[in-house]
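Read through the structure below, which is laid out as structure tokens, and then see the notes.
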Amino acid sequence: MRAVRSRAVRPRAIGAARALSLFGEHAGGWLMLGVTGAAIDTARRRPWLEATAVVASAHATNIAVKRVVRRRRPILDGLPALAGTPSGLSFPSAHAASSFAAARAYSQFLPVAPLHVAAMAIGASRVFLGVHYPSDVLAGALLGTTLAAVIARRAPCS
């Protein structure tokens, strides 16, 4: 983690990581994508809204797990975090959970590769900014992907 954080010195890279992180904050960007998809793609409005609910569920589940685990965010001497956080709790990463849930849920409407690249970039941004351990991001990604897959299996066939 120190190796990743020590490379976070270029203002453009820090700005890009902060923008990615902002998109993922409270799953906001992903939720807006889902609501926008529902508004534009009226023929598939209900599936879009169901997929958006998966993203919201992943975020809420992640927050519940985070409150139980109570792992503190990383602190590296000489390398302060480059972004603020809504809490001091770290495990699992809500950004990763909602992003990977969105990649899975929205893949029925949008190309899969860009969704997964975005999810990975958002997860990586959290380590780059110094607010998560890599294991937080991995656990969040697994939680979001698994939850989205389980919900998709339970969804009624249309």
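Which is buried (at least 19 other Cβ atoms within 10 Å of the Cβ) and at negative phi, of Ala97, Ala56?
None of the others qualify; the one that does is Ala97.
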message: Would you confirm, using the coordinates I've provided, whether Thr36 is over 28 Å from Tyr133 (Cα atoms), modelled with pLDDT of 95 or more and either touching a Cys at 6+ places or on another chain (Cβ under 8 Å) or assigned to a helix (DSSP H, G or I) (or both)?
response: yes
query: For region 64-94, how many residues meet the condition of being within 25 Å of Ala105 (Cβ to Cβ), surrounded by 15 or more Cβ atoms within 10 Å (Cβ to Cβ) and aliphatic (A, V, I, L, M)?
result: 3
query: Right, Leu82: outside any helix (DSSP H, G or I) and among the aliphatic types (A, V, I, L, M) or not?
result: yes
message: Suppose we filter Ser57, Ser87 for residues that are part of a helix (DSSP H, G or I) and polar (S, T, N, Q); which single one remains?
response: Ser57
- prompt: Just a yes or no: is a residue in region 61-77 part of a loop (DSSP other than H, G, I, E, B) and more than 15 Å from Val131 (Cα to Cα)?
  reply: no
message: Quick test for you: out of Pro86, Pro47, pick the one residue that is more than 18 Å from Ala96 (Cβ to Cβ) and not aliphatic (A, V, I, L, M).
response: Pro47
field: Residue tally, condition of a type in the set (A, V, I, L, M), within 14 Å of the chain's Cα centre (by Cα), modelled with pLDDT under 95 and in a helix (DSSP H, G or I), over region 115-158
entry: 4
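The values are calculated or read from the model by the stated rules, or taken from the named source; none is laboratory data. Computed from a prediction, not measured in an experiment: that's the story for all the values here. Cβ sites come from the backbone with ideal geometry, for glycine too, and all protein chains shown count toward neighbours.
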